[in-house]
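Heads up, the thing below is written out as structure tokens.
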Amino acid sequence: MDESWKILIGIIVVTGCIVGALILVAGMFYPAGFEAAGIAIESTYTYELTITNDHDLEGFELMVPLPSRDGDTPLGNAIVSSGKAEYPPWWNVILVGDGQATFLKISADMVSASASPHRLTATVRSASLIDTKDPGSDPWQVSPVSGMTGGGGNASYTTPTYARFDAADKTITVITAVSSGRNSWRYPLAGTNSFTNQIHLSITGPASGWHSASGTIAAGLGKYTLL
């Protein structure tokens, strides 16, 4: 091989090693280092409501608080605008609330046990990086909440949830709503970090009004460096 080619290949290899090393060093400083190294981060919010029932529920009505800010809820809008593709055509799914809180309201003549569990999901992109280490400062959180305890990004709370339906006394109905924020990247190695905010309510027998659902926030999940 011509000596000039050897030199050129050597320069390319050394340059590649230097660039790779700089990217890895930058990847130790999240998120500023990622941005400096040109590593693209995609941020998304997701929501999944699950209704699990072991007997049929008749005259069903449910209102679950959504992640919202000043009454605006992109995830709620995404669920409603999905149309009947996300839920049975006989379900009526709308948003209700005011500037302080927004609820996802579901009405149906019957929620079948044979089709359980029932799920409604949505994903929306965020225009800015999500603070997954301390989601309490994130504007898109479930509201209203009370009795918030915990720190360091992890917390527990209670939140009002409305449920009304007729059912056999031994019926067990479990309602969970999980909202999460996630940042992800693919170069040079795939990685993610996230938080989850879960609401849980279990009802035995029929239901006829407001319930206090328990909520938990788990933060700082995943990676905050490239390695």
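Numerical summary
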{"item": "Distant-in-sequence amide H partners of residue 143 (H built 1.01 Å from N, under 5 Å)", "result": "66, 68, 102"}
{"item": "5 angstrom amide H check on residue 211, placed H, neighbours 5+ away", "result": "161, 162, 163"}
{"item": "Karplus-derived 3J(HN,Hα), 6.51/-1.76/1.60, for each residue of the range 64-79, Hz, glycine and proline x", "result": "10, x, 10, x, 8, 9, 6, x, 8, 9, x, 5, x, 4, 5, 5"}
{"item": "Approximate spin-label separation residue 133-residue 168, in nm, with each point projected 7 Å along Cα-to-Cβ", "result": "5.2"}
{"item": "Theoretical FRET efficiency, 1/(1+(r/R0)^6), r = Cβ-Cβ of residue 90 and residue 225, R0 45 Å, to 0.05", "result": "0.35"}
{"item": "Under 5 Å, built H, 5+ apart or other chain: amide partners of residue 97", "result": "103"}
{"item": "Sites residue 113 and residue 212 - FRET efficiency at Förster radius 22 Å, r taken between beta-carbons, to 0.05", "result": "0.30"}
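Only the coordinates and a few stated rules stand behind these numbers; no lab work does. Since we're looking at a predicted model, the values are computed, not measured. We place every Cβ from the backbone using ideal geometry, glycine too, and count neighbours over all the protein chains shown.
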